[in-house]
1. Can you give me the angle between helix B:131-142 and the longest principal axis of chain B, using Cα atoms only, in degrees from 0 to 90, rounded to the nearest 10?
2. How much of the calculated P(r) for the protein assembly as shown lies past 33 Å, in percent of all Cα pairs?
3. Give the relative contact order (percent, whole number) for chain A; include only Cα pairs under 8 Å separated by 6+ residues.
4. Scan region A:391-428 for trypsin sites (Lys or Arg not before Pro) in coil per DSSP, keeping those whose Cβ has at most 15 other Cβ atoms within 10 Å, and list them by number.
5. To the nearest 10 degrees, how steep is helix A:104-117 against the longest Cα principal axis of chain A, on a 0 to 90 scale?
6. Provide Rg over Rh for chain B; use the alpha carbon set for both Rg and the Kirkwood Rh (inverse mean inverse pair distance).
7. Go through A:K425/B:K40; A:K302/A:K355; A:K326/B:K36; A:K425/B:K187; A:K224/A:K416; A:K325/B:K40 and tell me which ones have a Cα-Cα distance over 30 Å in this structure.
8. Over the protein assembly as shown, what is the percentage of antiparallel beta bridges among all DSSP beta bridges, to the nearest 5?
Amino acid sequence: MEGAWDIASVLFQVWLSMVVVLIMLPAMFGVSLGFTDLYIKVLVKTLEWATRRIQRGQNEQPTLPSQSANGIIEKDDGSMEEEIGELRRSHPKSLAGADFTLCDVFYFWKKGIENIVEDQVTQRFTSEELVSWNLLTRTNNNFCYISVRVTIIWGLGVFIRYCILLPLRITLAAIGLSWLVIGTTLVGFLPNSNVKNSLSDLVHITCYRICARGLSATIRYHNKENRPQKGGICVANHTSPIDIVILANDGCYAMVGQVHGGLMGVIQRSMVRSCPHVWFERSEMKDRNTVAKRLKDHIADKTKLPILIFPEGTCINNTSVMMFKKGSFEIGGTIYPVAIKYDPQFGDAFWNSAKYNMVSYLLRMMTSWAIVCNVWYLPPMNLKNGEDAVLFANRVKSAIANQGGLVDLSWDGGLKRAKVKDSYKEEQQKMYSSMIVGSDCHENSVGPT
Amino acid sequence: MGSTNSTLIKIPNVEELMQETGFSTAHIIRLHDRFKELDKERRGYLCPRDFEAIKGLAINPIGDRIIGAFFSPGRETVDFYTFVRILAHFRPADNSRPKESSSPEPINSRTNKLKFVFQLYDLDKDGKISRIDLLKVLRGMLEMQVTEEQLDSIVDRTIQEADLDGDDAISFEEFRKSLEKVNIDHKMSIRFLR
């Protein structure tokens with residue numbers, strides 16, 4: 001009995017020291033030993049092979065055209081005027097001005113039915129569908145059973161992911177987080193000085209690097225010369241809580257968020273000891289002025305780290321960017337936009353908070369193949385003369401959507417849970433009525449009858 | 001891994017549905033997934049509230065009429081079959097299918113598409129679109145944005161134009177005639193990309 005315990009403890013010590021030497025130390029110094037790259041290469045080859053086999057198997061069925069990531073039905077992109085104009089062109093009556101025609105309603109019908117089959121908003125809150133299967137059961141939508149070999153590889157994948165990678169990743173995450181708490185608390189004892197700041201930065205970056213390895217994250221940063229500077233606000237599209245780890249691997253940021261209890265609360269309190277972050281009590285968050293003032297004070301102090309904010313306010317599935325809330329754009333600092341795009345082939349990073357809580361989400365992350373993403377730093381933007389916060393927010397949003405290859409939507413991410421405001425419907429009605437009665441008659445029609 | 005076949009098995013009478021509506025296996029599965037997505041409380045049927053939750057539909061001027069089309073008079077629920085049958089009206093025409101004289105006209109034929117839209121205009125279901133019907137539909141679409149006078153003149157003009165037999169209402173034949181040049185198949189069809 002004792003012999004078995006001894007052997008077990010020796011094995012455990014060996015394993016732990018391997019983890020420290022091979023993963024933690026390189027993480028501290030920002031050195032990569034190349035394991036992850038090798039792993040990704042092998043993975044890509046395997047998935048390509050699996051795809052070819054599946055395609056061969058599917059050749060008996062009629063081939064469907066390859067899809068765009070943005071929909072299952074074909075949509076006309078024209079505006080209301082264009083589309084209705086086209087409908088009316090085939091109408092025998094000549095239209096000198098605006099007027100109603102019976103066929104107008106087809107446009108609204110088609111749009112309505114399109115929305116019933118697939119609407120632009122709901123599809124952004126579910127995981128993106130893959131073109132070809134990546135050997136994870138969770139992404140298996142319409143892919144059929146193909147062959148014994150694919151099944152074997154899949155089974156092997158399950159074993160590797162759950163029995164080898166998962167324990168390793170959990171260990172790394174645990175080490176990373178405890179190091180964060182311990183390290184920042186220790187640094188917090190030092191008097192304020194440049195030394196303290198550098199040490200705090202080092203501690204933060206090391207932990208985030210360890211956490212990133214805990215997810216087998218491969219991140220490529222582009223345009224590093226545009227990296228956010230102190231006194232600025234870094235703005236990015238939001239897909240999951242992991243975004244923070246992704247961004248903080250390459251720079252130090254001041255986080256903004258609500259004060260939590262439990263483990264999160266412990267981490268938050270210790271982080272704030274070593275360098276200033278902006279944590280709000282729940283009551284403070286309701287008062288927009290308090291929030292704005294605290295953020296303004298933070299960026300006014302040029303020694304403090306740039307603030308990291310996700311203006312969408314909620315997690316979107318990384319195929320589009322939704323409306324940016326104007327609050328962060330009213331503060332007046334320089335905005336550093338950042339676009340984050342995950343490669344869904346290796347693991348779906350989107351957090352569907354309606355379906356999964358934080359713990360199950362993290363487990364799913366740790367049992368995916370890997371997290372592969374690209375981060376683009378965009379050139380800094382400032383509020384132009386005569387531009388208001390909403391326009392500025394939209395400008396930044398378009399820039400991010402463009403760079404990341406995402407669809408630029410003006411829908412509010414808050415629609416995940418809320419109803420559409422009546423003002424949107426009125427807008428549609430106004431647009432159509434101006435086509436029927438002409439916009440010059442509009443002044444007469446305004447006002448309750 | 002065998003999910004296609006297992007999903008189909010879960011939908012009873014799916015063969016009949018495919019035959020009647022002409023949707024392919026893949027499309028029925030997509031519609032079933034969508035039905036489940038809309039049916040948030042997993043009751044197996046949809047009610048008007050589930051449709052109203054669709055954002056794009058909520059801002060559509062005829063959103064209420066579209067939702068109403070799914071529910072037969074007096075019913076508050078729609079099951080998957082009715083859902084698919086209504087949507088079948090919007091399937092593009094299959095020109096490749098051989099026309100058998102014995103089989104009934106497909107749901108998505110031009111005539112049936114027109115009949116479907118006609119039914120929505122014809123609120124009192126008397127087979128004609130009367131002045132009152134048209135007024136109600138337009139008022140629903142435009143609410144506060146136009147005055148009574150403007151609405152009246154629009155309705156007058158529309159009926160005058162399409163009414164060929166002078167009975168101050170638009171029958172189905174007159175409706176069909178006034179739209180004969182419109183490419184119904186293109187404008188009233190939803191095409192699946194996959």
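Just so it is clear, none of the values below were taken in a lab; they were calculated from the coordinates. Worth saying up front: this structure is predicted, and the values here are computed from it rather than measured. Glycine also receives a Cβ, built like all others from the backbone with ideal geometry; neighbour counts cover every protein chain displayed.
1. Result, in degrees: 60.
2. 57
3. 19
4. When the trypsin sites (Lys or Arg not before Pro) of region A:391-428 are filtered for loop state and at most 15 Cβ neighbours within 10 Å, A:R417, A:K419, A:K421 remain.
5. Around 20 degrees separate the two axes.
6. Rounded to two decimals, Rg/Rh equals 1.01.
7. With Cα atoms farther than 30 Å apart: A:K302/A:K355; A:K326/B:K36; A:K224/A:K416.
8. 35
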